[in-house]
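Laboratory data are not the source of any read-out in this text; all were calculated from the coordinates shown. Quantities reported herein were computed from a predicted structural model and do not represent experimental measurements. Cβ sites come from the backbone with ideal geometry, for glycine too, and all protein chains shown count toward neighbours.
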Amino acid sequence: MTRRIEPEDLYAIKLVDDPQITPDGQRVAYVVVEIDRKTYEYHRTIWVSDTVQGLRRRYTAGDNDTTPRWSPDGRSLVFVRAPAGEVKPKNEEERDRGVGKGQLWLLPSDGGEARQLTWARWGAGDPVWSPDGASIVYTAEVGEPDDPEAEDAGLHEKRVPAVRRIDRLWNRLDGVGWIYERRSHLFRIRSEGGEPEQLTDGDWDDGSPAFSPDGRRIAFTSDRTAERWSWPANDVWVLDLPSKGLTRLTDETVYAGPPAWSPDGRQVAFTAGRRRHEDGYSELMVSDAATAGAVRKLTEDFLPTFSDTAIDDQRVGHGGPHLFWSTDGKEIYSQAAGRGSTLVYAVSAAGGTPRLVVGGQRRIYALSMDRERRRIALASSDPSTPGDLFLRDSAGGREVRFTELNALLFREVALAAPQEFTFKGADGWDIQGWIIRPNPIPHPSPQALDGKSERPPAVLEIHGGPMAMYSWSFFFEFQLLASHGYAVVFTNPRGSTGYGRAFSAAVNGDWGGKDFQDIMAGIDAAIANGWVDPDRLGVAGGSYGGFMTNWTVGHTDRFKAAVTMRCVSNMASIFGTGDFDWILTIDSMDAVPWKDLGRLMERSPITYVERITTPMLILHSDRDLRCPISEGEQLFTALKLLGREVRMVRFEGQSHDLSRNGHPRSRVIRLRHIVSWFISHIRTEALKRKGELARAGAAGE
């Protein structure tokens, strides 16, 4: 007998991340992410499995060990170790040695004690081995605090508020904070230890290093343009180690991803999107490694985008892309996201139609390949798998699952399977969507749902971005709602990635236009097919999805309850308050407040607040730098003054990514509020007894 999923079950979810297969393909190192229920801390540990029998063992002893990277001979593993919680230095010496920051550690593959390699003041990361295994290149920040006395006040048991002098437009980043004080650069250290050598310098950030096969050059990403503090984007550069000479391969018009060298060292592959007027589409490109500007596009007409743009609530952002050349240099392996799946493709280095290597209805968010490209280690999610380790034979196609981290939990709780459907949106465009039926109610076929009374209530979920996509991935929030008696309808309207450049770019300048028509057509299709009760509808979404939730209830009264999360309510006032908001208004809406105020307000949900009668729950984090909390506060204040039913829940110290990597307790409380808000306003057959409904409704308090 299974039970319903409850918000507290989030504490039990475990995930695989960053699988790294040894060059000989005999072992895989991977990170297991889990939550310590008592301390409310995330624990990250490195495990190793052999690829023949699948025998697994914990490999590192720390509680926050990440980024495992094997040496070329497979005899050593470098990784990043940081404290599980906040650890502060006690004096200047500890501060300068990076106490409390993530540092590189080295561990022999046959066991033994790990030893620390770096003591960087601001921490070290992104390690890459040289081909001969003699050295490791990594990234580390350099620079001094804007207000050193305030920065070090805690060392002297003083409280000194900081005073900041800011002269750069891009000066902070959501989930990070202030970024204008320090720069990230490349360093090299001998694998046996010693004093590190700084390889790059300057008033810009360098990252994603990759050694050429001969070990004499390093390709990396960096934005050294004059507009790097206003329209940030990375180019691909090559550093010649003997001469320290630099070559920029790209032309400053793209946003380039991590580079990968061809086996002969003559070419560099990378993915890239547009620097300005983003359309959400990334192409696979190849450049001559010695010639600036000699770049070829390989995948311009391919509908999937060469990035993992899938959204779920188990991991932050998107995975990859992870690029690997075939041993003969004729193909490049990469992830690409299309029609709700992130899969692995092989692309000819000469161009042409990509070849599917690893398929399925799933999200492959991380991978690595052995030296001979015979085996692929995959971190994969699907609607019943939050994230596990799989091994794939690239030639024969045989795939083996190596972990089932959540098997015990999923024997207790009932999971609901999504059903895909396609419907017509605005202009007759085909739109992909899914419905998850509530678990406590039998799952009849659509044709069997003849009577309205048999139809369950539904919550329409709207994804963020907008240039992202819902996918065949595990979404805890959706399973929670389904477990409590709600059908969940979610779609990929225009603006979503994975359906070609024209599809994703169609939302630019038209937020609240045809995208809104697409979204409403999705719920209409679910109603027309007899799947849901048209009189018991809710709506929810975060970020751009929060904007669309606000817009929706300002333009229709069909929904009985709404939950808006990390939202945008005012397209004019968000300008200048977040980390990238000027890009939103200028590149996405082609408008600035001092010239186009009327146009921005015409596309702002706050303009239509008097029309909102739907009970509204507003969830917002007070350290959200992507969509600042003032966006939620404006909406709350207006609705309160208008006498509408509204509640705002503020999450202290949390960022825009609260639902994915926020404080575990805050994540669980957020889920309680969502389900209890809908239970309080929309009847559900899953909770029939009065006492049960009352207890569930109070769960968010």
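Here are some notes:
- Take the Cα of residue 393, step 7 Å toward its Cβ, do the same at residue 594, and the gap between the two points is 6.6 nm.
- In the chain, the calculated helix contribution to ellipticity at 222 nm averages -4000 deg cm²/dmol per residue, counting -39,500 (n - 2.57) for every DSSP H run with n ≥ 4.
- Theoretical gain in end-to-end length, residue 37 to residue 665 [0.36 nm per residue, Cα-Cα removed]: 225.2 nm
- Calculated over segment 19-82: convex hull of Cα atoms, volume per residue (Å³): 78 Å³
- Ranking 472, 413, 15 by Cα position along the charge dipole of the chain, where only Lys, Arg, Asp and Glu carry charges on their C-beta atoms, puts 413 farthest toward the positive end.
- Residues of type lysines that residue 424 reaches as a straight line, Cα spacing below 28 Å, ignoring anything fewer than 8 places off in the same chain: 452, 514, 560
- Among 230, 282, sorting on how many other beta-carbon atoms sit within 10 Å of each Cβ, with the fewest leading, yields 230, 282.
- Set of aspartates and glutamates near residue 595 by C-alpha distance (under 16 Å), chain-local residues within fewer than 8 positions excluded: 587
- Cα gyration tensor category, rounded, prolate or oblate, for segment 351-493 with a/c compared to 1.5: oblate
- Extension gain, residue 430 back to residue 164 (0.36 nm per residue minus Cα-Cα distance, nm): 90.7 nm
- Nearby aspartates and glutamates by direct alpha-carbon distance to residue 158 (threshold 12 angstrom, same-chain neighbours under 8 apart not counted): 149
- Square roots of five times the Cα gyration tensor eigenvalues for segment 556-669, Å: 23, 20, 10
- Stretchable slack from residue 422 to residue 1, in nm (0.36 nm times residue separation minus alpha-carbon distance): 148.2 nm
- For segment 93-140: rounded, prolate or oblate by the Cα gyration tensor [a/c cutoff 1.5]: oblate
- Extent along principal axes [Cα atoms of the chain; Å; largest to smallest]: 73, 59, 50
- Segment 520-526 - phi-based ³J(HN,Hα) in whole Hz, Karplus 6.51/-1.76/1.60, Gly and Pro as x: 5, 5, x, 5, 5, 5, 5
- Placing unit charges on each Cβ (+1 for Lys and Arg, -1 for Asp and Glu) gives segment 275-330 a dipole about its Cα centre, and among 302, 290, 323 the Cα reaching farthest toward its positive end belongs to 290.
- Rounded if a/c under 1.5, otherwise prolate or oblate - segment 251-375, Cα gyration tensor axes: oblate
- Legend: ranking of residues 1, 571, 520, 616 from fewest to most surrounding C-beta atoms inside 10 Å; resulting order 1, 520, 616, 571.
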